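Below is one structure, written out as structure tokens; the observations come after it.
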2 protein chains.
Amino acid sequence: MASVYKHPKTPKQASRRRARFDRLLEPEMLKALAEPSRAQILSCLLKCGRPCSVTEVAECCSIDFSMVARHLGTLARAGLLTSEKKGRTVWYNADARALALHFRDLADAIEELTPQDGCIEDNGCGCCDPEGIRS
Amino acid sequence: MASVYKHPKTPKQASRRRARFDRLLEPEMLKALAEPSRAQILSCLLKCGRPCSVTEVAECCSIDFSMVARHLGTLARAGLLTSEKKGRTVWYNADARALALHFRDLADAIEELTPQDGCIEDNGCGCCDPEGIRS
DNA sequence: CATACACTTGCGTTATGGCGTCAGTATACA
DNA sequence: TGTATACTGACGCCATAACGCAAGTGTATG
């Protein structure tokens, strides 16, 4: 659920919000998601709702096996999947709850970052010169 | 707020969910966000909470002017910003509410896509052979 | 009409990343 | 111990895109 916007009281608080926003907008994660093949692979894993091996995923989405292996690695390194090696097969799993939570947090962070309607006082963003930009 | 997962009753419903997921995972939008410079520019605009010109944004983030102009164009084309030309200046604006809504929708879509805990019946994903993959 | 301003676009360079192939590693199983 | 299985990694090719520079376009202003 969305948090209600509260104007940052201190530069420190504003800086925390910036940091939170930046963390949630992790380029590695977004780059991983931005590839259509990888998005397809992720959706496969979400739909299956259980850990899948590289072979299974490759059969799912008719992408070259080694590419699937690489994509799964990328998704896992980006924190979008978990992986567990058992014997000679690696089981990749998509945690739908965690992913959904991440994007809800991001939504909250976006709303926290922006000032209220009509708020014109310095929001402590430190990015723009308040004199220059609010003339 | 999160919707409660309900197993798709028909292949048609499952297909609608897939389509929703794919739409929310628009590669163009994610690619636009995945660039650190562009994320920075977007956060500038969110923090300012009002339309900014290209010149203002360029002064904000110490990136080459023509690059800022290009990045803003990319963000706008990806639907992350709105732009309005008035005279010789273009005003770019980030709609925090709309962005937050988008990511909450995505979170919902992710949760809708995945089967309930322990659900092993065919979820109509059509991506995996139920026989082969659930052995 | 000339000039300043606010972008936009084209160009060449560089960097990143996807893609397939193929060889290598690690594990199970007969 | 040999062979099949399941992946991983290294190479090279190619497409895309970021980046900075500089020239071009369109709009106000004197």
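The values are calculated or read from the model by the stated rules, or taken from the named source; none is laboratory data. All of these numbers come straight from a predicted model, not from anything done at the bench. Don't worry about glycine lacking a Cβ; one is built from the backbone with ideal geometry, like all the others, and counts go over all protein chains shown.
A few notes on this one:
- Checked against (1) of a type outside the set (A, V, I, L, M); (2) at pLDDT 95 or above; (3) within 22 Å of A:Gln40 (Cα to Cα), B:Cys52 passes all but a single condition, namely (3).
- Filter result (more than 8 Å from DNA strand D (Cβ to nearest atom) and among the hydrophobic types (A, V, I, L, M, F, W, C)) within the range A:58-87: A:Cys60, A:Cys61, A:Ile63, A:Met67, A:Val68, A:Leu75, A:Ala76, A:Ala78, A:Leu80, A:Leu81
- Test result for B:Asp105, modelled with pLDDT under 95, under 26 Å from A:Lys47 (Cβ atoms) and among the charged types (D, E, K, R): no
- Filter pass, A:Ala78 being within 13 Å of DNA strand C (Cβ to nearest atom), among the hydrophobic types (A, V, I, L, M, F, W, C) and in contact with an Asp or Glu (Cβ under 8 Å, 6 or more places away or on another chain): yes
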